[in-house]
1. In nm, give the distance between the simple-model label positions of GLN18 and ASN95, each being 7 Å from the Cα along the Cα-to-Cβ direction.
2. Taking the Cα atoms only, what angle lies between the long axis of helix 31-50 and the longest principal axis of the chain, rounded to 10 degrees?
3. Would you mind ranking GLU29, GLU17 by Cβ crowding within 10 Å, fewest neighbours first?
Amino acid sequence: MKAIPHIHHLHARVGTEQASQANDPFAPEWKNHVDRFMQLWQTTLDYHIQQGKTELSITPEFGPFPYMPQSPFDQKPLGDQTAINLKMKALLLNNLNY
């Protein structure tokens, strides 16, 4: 992927074909998306490691509306932003090889 050499920071947000952010990436319906993003993030890390780089920042970045989908009429978020970010941080720390 041509972009990888130019990546210096990863925004660890899982998007979909139709939205910039899944409502809760840990819901079973988003597993394929999470797996694909983890693969992309690992590929990026592997490239930078091979280049001898020792630092690459990653931020779990599930945001509020307009990133977080809302329910109609009451505009309540369809996911817990803080819980999702903390869970994503744990997923990254436990599953990426660095």
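No value in this document is a laboratory result; all are computed from the given coordinates. The structure presented is a predicted model; accordingly, all values stated were derived computationally and were not measured. Reconstructed Cβ throughout: ideal geometry from the backbone, glycine too, with neighbour counts over all protein chains shown.
1. Result: 2.3 nm between the two label points.
2. That helix lies at roughly 30 degrees to the long axis.
3. Neighbour counts put them in this order, fewest first: GLU17, GLU29.
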